Amino acid sequence: MNVSTWQTIYECAEKWIFEAGELLKQSFTEKRTITYKSNFSDLVTDMDKKVEKFFIGKINETFPEHKILGEEGFGDEVTNADGVVWIVDPIDGTTNFVNQQFNFAISVGIYENGEGKIGFIYDVVRGELFHCMKGKGAYLNEKKLPALENTSLNEAVIGINATWVRPNTRIDHHRLIPIVKNARGTRSYGSAALELAYVACGRLDAYITMRLSPWDFAAGIILIDEVGGIVTTASGDEINVLDKNSIFAAKPGLHESILKEILR
Ligand code: 2AM
Ligand code: CA
C-alpha cells in the first residue's frame, strides 16, 4: 500500500477517534446500561457497544476491504493477519469508565499482514492522544516522544496490577515480588492501553500483566516499538497479535534485566 493511502487511513482513524471521544463525553450526562460478561468485574456498557459499532460503520463504509477485530464482537471473525486489520477497543478500562469517568481510553491499532502500522490511544477525559505511524515517530498530541533509554530497576516505576503479586493461576507470584520490592514504585491505572501508552511516553518504565486480549495491546505495542521500547510476553517470547498474551513492556536494558529476574 502506498504512503498516501496510509496517510488517508491515519487521518480517518484520528477523525473517528475524536468523534467517538465526543460520544463518550456526552454519555456522562446520561444513564448507563451496564451488563456483566463473565463476572462482576467484567463489565460492558451500552457505550462500549455503541462506540464499537460507530467505528465498524465508518471503517466498512470507507475501507470495505479492511478487516476489523473488536472487543465487543461486532466486527469480523478474524482468523488470520492477512491484509489490513483494525483492532479496536471502544473503551479500554470499562470499570474506570463506569466507576470514575476517568482513566479509560479508546485504542485502535492498525496492522498490515501482521505488522503494526498505525497506533492510536486516546485518553478522552484528559485530551491526550498517543499516536504513531510506523517509521514516522510517536507523538503525544503534537509533541514527539523521545526514544526510550535504559534505566535501572531501583529508579523505575513499574505498572503492575496487585492481582499478579498474590497467588494466581498465571504466574508464580514469588517471581514478581523482588521486582516490586526493588523498583522505585509501582502503579496500576486499570487501563492496559493507557499503561502501554505511559511506557511509550516514559511515565512508566515498564508494564507487566499476565492476561490481555488483542484489543487491549494492539495499539500500545506499536507505539512502544516506535520509541525503541521492547514488548514481549512475560516469558520473553514474541507477541501474537491475534491471541491473548501476557505482556511485558519496558525500556531497553530494563526489559532484559527484569526478564532475567522473572525467569530465574
Ligand atoms: P477492558 O476494560 O477493555 O476490558 C485492567 O482490567 C485491564 O485489563 C483493562 O485494560 C481491561 O480492558 C483488561 N482486561 C480486563 N479483563 C480482561 C480479560 N478477562 N482478558 C483480557 N483483558 C482484560
Ligand atoms: Ca474494552
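Counted by Cβ distance under 11 Å from Trp164, the other residues give a net charge of +3, where Lys and Arg count +1 and Asp and Glu count -1.
Computed extension gain for Thr169 through Ile34, at 0.36 nm per residue and net of the alpha carbon distance, reaches 45.8 nm.
Tally Lys and Arg at +1 and Asp and Glu at -1 over the other residues with C-beta under 15 Å from the C-beta of Ala234: what net charge comes out? So the surrounding residues net to -2. Note on Cys132, Cys12, Cys201: ascending count of other Cβ atoms within 10 Å places them as Cys12, Cys201, Cys132, the fewest first. Rounded to the nearest 20, the size of the Cβ-charge dipole of segment 167-209 about its Cα centre is 100 debye, with Lys and Arg at +1 and Asp and Glu at -1. Under the rule a/c < 1.5 gives rounded, and otherwise a/b versus b/c splits prolate from oblate, where does segment 12-59 land using the Cα gyration tensor? Note, shape of segment 12-59 comes out oblate. Per the Debye calculation on segment 153-263 with a single equal scatterer at every Cα and no solvent contribution, log₁₀ I(q)/I(0) for q = 0.11, 0.14, 0.15 Å⁻¹ amounts to -0.28, -0.46, -0.53.
Using a Gaussian network model of the chain in which every pair of alpha carbons under 10 angstrom is joined by a spring, one finds that among Ala249, Ala192, Ala156 the greatest mean-square fluctuation is at Ala156. With the helix formula -39500 (n - 2.57) applied to DSSP H stretches of n ≥ 4, the chain reaches a computed 222 nm mean residue ellipticity of -10500 deg cm²/dmol. As a rough footprinting exposure proxy, the listed residues Lys134, Lys37 were ranked by other beta carbons within 10 Å of their own, and the order from fewest upward is Lys37, Lys134.
Among 181-187, 60-66, 17-23, the peptide with the highest mean count of other Cβ atoms within 10 Å heads the list, and the full ranking is 17-23, 181-187, 60-66.
With a ≥ b ≥ c the root eigenvalues of the C-alpha gyration tensor of segment 18-150, is it rounded (a/c under 1.5), prolate (a/b larger than b/c) or oblate? Oblate is the answer for segment 18-150, as a/c is 1.5 or above yet b/c matches or exceeds a/b. Share of pairwise Cα-Cα distances greater than 23 Å in the chain is 49 percent (whole percent). For the chain, a simple Cβ point-charge model (Lys and Arg +1, Asp and Glu -1, everything else neutral) yields a dipole of about 880 debye relative to the Cα centre. A straight line joining the Cα centroids of segment 37-57 and segment 103-163 runs 22 Å. In segment 1-134, the DSSP beta bridges split such that about 85 percent are antiparallel, to the nearest 5. Measuring against 19 Å, Cα to Cα, the residue pairs Lys58/Lys144; Lys67/Lys144; Lys37/Lys58; Lys67/Lys117; Lys50/Lys244 contain Lys58/Lys144; Lys67/Lys144; Lys37/Lys58; Lys50/Lys244 as the ones spanning a longer distance. Near Glu14: Cβ cut-off under 15 Å, other residues only, Lys/Arg at +1 and Asp/Glu at -1. The net charge is -2. On full extension, the segment bounded by Glu128 and Thr233 gains 35.1 nm, given 0.36 nm per residue less the C-alpha separation.
Just so you know, all these numbers are worked out from the coordinates, no wet-lab data involved. Because the structure is a prediction, the values reported are computed rather than measured. Here Cβ is always computed from backbone atoms with ideal geometry, including for glycine, and neighbour counts include all displayed protein chains.
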